[in-house]
Amino acid sequence: PGLLTGNIRVDADSTIDSAGGRFRWNLCCRQLACRVPDCGGCGSCTLPPNGYSKLDFILGYRYFGLDETLTINESLMTQTAPFGSIRIDDSYAVNNNFHGGELGFVWEGAWRRWTLEMLSKVALGGVQQEAILDGSTVISEVGGGTQTFPGGLLVLDPITYDRTQFGVLPELGATLGCYLTPRLRATVGYTFMFLSPVIRPGNVINTTVNGDAVNAPLTGGGTEVPEFVLNETHLWLQGLNVGLDLRW
């Protein structure tokens, strides 16, 4: 109090993308109308009005990416001599890229106009984790010049850290459908996903701060605190989807 005044701006951004390919084999299909098991394939029982119940096995490749950034900008004005402004920037960028093989099961059932699909699968592989930290301090004195120093308040030295960890990516889903015509189906579904382990910006922020380091470029003092930390966490996602399915 009485030394600095100003404001702080925090910006955060998250990007998620996913891709994959898989093979799907029918294990068993049962036509409900005739109640005769047919484990050799489903044939014409996959379209209404015939009721059916079938189980498929899936095997394939899965990619999942989570990229996040966090920037903290402090604009300060000194209240004592030497008067001037101080701008402190701290930035965090973390990337998690999962590559692995997946396997699971899909059950699908239908009766008259209605269909229900249940998905259960898991992907096993590696998570490539990367953390990029940077910081800077810009000091402008009234009537004087501008000086730029490496290091901010939370990031004192530029850091790039990467490693690969074993990861697990399970997924559960359910989709309910209704045939509007013999070929056109409307669907609504729910999906749950879980990825472990991941790193996020909050896991690489060390809040143990030496306040004297803010004035270090002016006074020549200040201990290099905080130090780099890295903690892992988990990511879970859930969502709803709607769509139209046209078959011919």
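The values are calculated or read from the model by the stated rules, or taken from the named source; none is laboratory data. None of these values were measured; they are calculated from a predicted model. So basically every Cβ, Gly included, is an ideal-geometry build from the backbone, and we count neighbours across all protein chains shown.
Of the residues 156, 176, only one is under 28 Å from the mean Cα position of the chain (by Cα) and within 30 Å of residue 230 (Cα to Cα); which?
Working: 176 fails: within 30 Å of residue 230 (Cα to Cα).
Within the list 156, 176, the selection yields 156.
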Strands (runs of 3 or more DSSP E) wholly in region 113-209 with at least 2 residues that are surrounded by 14 or more Cβ atoms within 10 Å (Cβ to Cβ) - which ones? 114-141, 159-179, 184-198
Only one of (1) free of Cβ contacts under 8 Å to residues at least 40 places away in the same chain; (2) in contact with a strand residue (DSSP E or B) (Cβ under 6 Å, 6 or more places away or on another chain) does not apply to residue 152, and that is (1)
Does region 235-246 contain at least one residue that is crowded, with 16+ Cβ neighbours inside 10 Å and either closer than 30 Å to residue 72 by Cα or at pLDDT below 90 (or both)? yes
Looking at the structure I just gave you, is residue 43 small (Gly, Ala, Ser) and at pLDDT 75 or above? no
Kindly provide the set of residues from region 98-123 that are out of contact with any Leu (no Cβ under 8 Å at 6 or more places or on another chain) and within 30 Å of residue 12 (Cβ to Cβ), ordered by number. 99
Across region 1-25, what is the number of residues that are part of a strand (DSSP E or B) and either among the basic types (Lys, Arg) or at pLDDT below 90 (or both)? 5
For residue 103: the one exception among (1) surrounded by 19 or more Cβ atoms within 10 Å (Cβ to Cβ); (2) assigned to a strand (DSSP E or B): (1)
